[in-house]
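The values are calculated or read from the model by the stated rules, or taken from the named source; none is laboratory data. Computed from a predicted structure; not experimentally measured. Glycine also receives a Cβ, built like all others from the backbone with ideal geometry; neighbour counts cover every protein chain displayed. Note: areas computed on protein heavy atoms with side chains; ligands, DNA, RNA excluded. Shrake-Rupley method; radii C 1.70, N 1.55, O 1.52, S 1.80 Å.
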Amino acid sequence: MSMRILVLISGRGSNLAALVGAARAQAWPAQVVGVISNRPQAAGLAWAREQGLSTQVVDHQAYASREAFDEALLQACQAHRPDLLVLAGFMRVLGTAFVQHYEGRVINVHPSLLPAFTGLNTHRRALEAGVKVAGATVHYVTPTLDHGPVIAQAVVPVLAHDTEQGLAERVLQAEHALLPLAVGWQVRGELLTHGGRVQHRHAAAQTLFLPEGAPR
Ligand code: GRF
């Protein structure tokens, strides 16, 4: 029985594309059954439609409160009967009620090495902090923003003359390798969580080291 993956986006959807590509190429026992965006103009929606995927907008600006938006989003998600939600560049903070409804079945990709640089503008903050490594984290979503159990992390170098744009691009390439790796493990039931720590059932490496960034 094929696992039903629902993907939430807010923007260009490059992580969505990486996920769909991996699901097809690796013949996952799963399929992306729909894409929901909180932004009507998200470019990822057009890409999804071209792929023949079901798409929907739940525009957060159309709701008077965060709770009302979360409730509408929950209804929209439930219609797809998802087994797994993937937040792929989804830029809304989901409330406790939503997260608890899908506890343990929501995966997010964040463009930093958590717990460092939770929240926004991670690349600018990393450069300002003078750190020498950066990267991305895929984690389970809990009610605390960007703090759920870490599934996998990808490390890239911060280079001497990096701009925010340059670092963002290098991290984004890493995300495109990391998110499909982690979701592939999830859909094959290869992840175990004990005491807030995630392990791969067969001890696969939960890290990617991309010295010059991910392969193009
Ligand atoms: C990614 O860097 C993601 O980590 C962050 O926003 C970006 C979304 O990119 N939340 P895309 O929409 O998947 O191309």
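For the stretch 124-216, averaging the sequence separation of C-alpha pairs within contact (under 8 Å, six or more residues apart) and dividing by the residue count gives a relative contact order of 32 percent.
The accessible surface of the chain, taken with every protein chain in place and a 1.4 Å probe, is 54 percent carbon and sulfur.
Summarising the amide proton neighbourhood of Thr55: residues at separation of 5 or more, or on other chains, whose placed amide H is nearer than 5 Å comprise Val35.
Trypsin sites (Lys or Arg not before Pro) within the stretch 106-204: which are DSSP loop residues with at most 13 other Cβ atoms inside 10 Å?
Sites meeting the loop and neighbour criteria: Lys132, Arg201.
If packing is taken as the mean number of other Cβ atoms within 10 Å per residue, what is the order of 8-14, 68-74, highest first?
8-14, 68-74
Toward the positive end of the charge dipole of the chain, with +1 on the Cβ of Lys and Arg and -1 on the Cβ of Asp and Glu, the farthest Cα among Ala203, His101, Leu159 is that of Ala203. Per residue, the chain exposes an accessible area of 47 Å² to a 1.4 Å probe, with every protein chain left in place. The GluC sites (Glu not before Pro) found in the stretch 131-192 that occupy coil by DSSP, while having at most 16 further C-beta atoms within 10 Å, are Glu190. May I ask what percent, to the nearest 5, of DSSP beta bridges between residues of the stretch 1-154 are antiparallel? Expressed as a percentage, antiparallel bridges in the stretch 1-154 total about 30.
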